[in-house]
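Colleague: Here it is: the structure, laid out below.
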Amino acid sequence: MSDPRPHRETLFLEEAEIIGHEAWPGAQHVLRLQAPRCARDALPGSFVHLRCDPLLPMRRPLSIQRAEPRKGWIELLYRVVGAGTEVLARRAVGESLSVLGPIGRPFAPSAARDLPLLVGGGVGIPPMVFLADWLRQHRPESPPVVLMGSESPFPFQPEPSRIPVGGLGPEVNAAMPLLEGWGIPSRLASGVPRPGCHQGLVTELARQWLEDLDPRALARVEIFACGPHPMLAAVAALAREFGVPCQVSLEEFMACAVGGCAGCVVPVRTAEGLAMRRVCVDGPVFDAREVFEACSV
């Protein structure tokens, strides 16, 4: 996956019809939109800026969970956390929403690293699903391992996995059915007891998996992560400890989402020193070392 083309050439504003809208426990919703131009150019890590209602001028940034360019739809996962998403949750199939996207710098898997580890937490799960889908279609010889954590109920019904994952005991066998159907191994973690889930942090699962690898296998690993900042910091620390590269997708509040307002800037370490970068268009995906070494200064 190469760097995106110049931003203005891949950014579209379209009225997208709601073709699916599922509610899940924990005030979570999976929204499917007919948005052919966005679906055509979306890449794992891309997001959209969505108008929840015509009466709400401020848009909401939502990560893309799946994109089907041939059928022209995209899928988003969101949680109701405020007035905008509360209104969005009431929108029905057949209605339309204004969508701006796809936005942002995507994940860029290395051709030299063919053992991807994907770690998603909470509403950071969607980019990991998208990346897993992209890898199975474009690099079937490099199947990922996907680890997901959530304190809320998962926005799907977990099922026991038939695909083994190294370093993890048989008691940790809960998986995402979609990934299981694709033949991609996944495992789940939660702070509350749930059947088949690791009770604890998803980064604990990541450590167990990494510790089970020999040096030759570790040299093939690349980590990709999206989720809350503390989780990303812990994943970045694991990557440093085990000496493997890591890309993270950051979550920030955004006003314009196209680089104009600079309201989503974060400090990033560059070859020239510390710099401020916009999460919306310079990211949301960054090298973990650039972000978290800068944060520790």
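Throughout, read-outs are computed from the coordinates displayed, never taken from laboratory work. Predicted, not measured: the structure shown is a model, and the values here were computed from it. FYI the Cβ positions are ideal-geometry reconstructions off the backbone, even for glycines, and counts take in every protein chain you see.
Colleague: Test of understanding: ordering MET148, MET176, MET58 by Cβ neighbours within 10 Å, fewest first, what list do you get? Don't skip to the answer; put the middle values down first.
Modeller: Details: MET148 29, MET176 26, MET58 12.
Neighbour counts put them in this order, fewest first: MET58, MET176, MET148.
Colleague: On to the next question. Between PRO57, PRO155, PRO164, find the one with the highest GNM mean-square fluctuation for the chain; connect C-alpha pairs within less than 10 Å.
Modeller: Of PRO57, PRO155, PRO164, the most mobile in the Gaussian network model is PRO57.
Colleague: Using a 10 Å cut-off around each Cβ, can you sort LEU55, LEU131 from fewest to most neighbouring Cβ atoms?
Modeller: Details: LEU55 7, LEU131 27.
Sorted ascending by nearby Cβ count, the order is LEU55, LEU131.
Colleague: Neighbour counts of other C-beta atoms within 10 Å: give me ASP214, ASP53 arranged from fewest to most. List each step's numbers first, then the result.
Modeller: Values: ASP214 7, ASP53 16.
By the 10 Å Cβ count, ascending, the order reads ASP214, ASP53.
Colleague: Using only the alpha-carbon atoms, what does segment 252-297 span along each of its principal axes? Please give whole angstrom values in decreasing order.
Modeller: Principal-axis extents of the Cα atoms in segment 252-297, largest first: 28, 17, 14 Å.
Colleague: Once amide H atoms are built 1.01 Å from N in the peptide plane, which residues 5 or more positions from ARG277, or in another chain, come under 5 Å H to H?
Modeller: Excluding prolines and chain starts, which carry no amide H, the hits are VAL266, VAL268.
Colleague: How big is segment 103-181 along each principal axis, measuring the range of its Cα positions in Å and listing the largest first?
Modeller: 33, 28, 20
Colleague: Which ³J(HN,Hα) values, rounded to whole Hz and listed in residue order, are derived for segment 161-170 from phi using the Karplus coefficients 6.51, -1.76 and 1.60 in 6.51 cos²θ - 1.76 cosθ + 1.60 with θ = phi - 60°, glycine and proline given as x?
Modeller: Here the 3J(HN,Hα) series is 8, 9, 9, x, 10, x, x, 10, x, x Hz.
Colleague: Quick one: net charge around ARG194, please, counting Lys, Arg +1 and Asp, Glu -1 for every other residue with C-beta under 13 Å from its C-beta.
Modeller: Numbers: positive: ARG187; negative: GLU151, GLU159, GLU171.
Result for the neighbourhood of ARG194: -2.
Colleague: 5 Å is the cut-off here: which amide hydrogens, built 1.01 Å from N in the peptide plane, fall below it relative to ALA175, excluding neighbours closer than 5 in sequence?
Modeller: GLU159, SER161
Colleague: Also: Enter the per residue convex hull volume of segment 115-250, computed from alpha-carbon coordinates, in Å³ rounded to the nearest integer. Write down the numbers at each step before the final one.
Modeller: On the way: hull volume 13.0 nm³, N = 136.
Hull volume normalised by residue count: 96 Å³.
Colleague: How about segment 5-101: which GluC sites (Glu not before Pro) there are in a DSSP loop, with at most 13 other Cβ atoms within 10 Å of their Cβ? Each step should come with its number before you reach the end.
Modeller: Numbers: sites: GLU9, GLU14, GLU15, GLU17, GLU22, GLU75, GLU86, GLU95; in loops: GLU95.
Loop-located and lightly packed - GLU95.
Colleague: Take every Cα-Cα distance within the chain, group them into 5 Å bins from 0 onward, and report for each bin the whole-number percent of pairs it holds.
Modeller: Binned Cα distances yield the sequence 1, 6, 12, 17, 19, 18, 14, 9, 4, 1, 0, 0.
Colleague: Run the dipole for segment 148-297 about the Cα centre, Lys and Arg Cβ at +1, Asp and Glu Cβ at -1, nothing else charged, and hand back the magnitude in debye, nearest 20.
Modeller: Working: 11 positive and 17 negative charges, 18 e Å.
Taking the Cα centre of segment 148-297 as origin, the dipole is about 80 debye.
Colleague: Show me, for segment 258-275, the HN-Hα J-couplings you get by feeding each phi into the Karplus relation (A = 6.51, B = -1.76, C = 1.60, θ = phi - 60°), rounded to Hz, glycine and proline as x.
Modeller: 10, x, x, 8, 6, x, 10, 6, 9, x, 9, 7, 10, 4, 8, x, 6, 9
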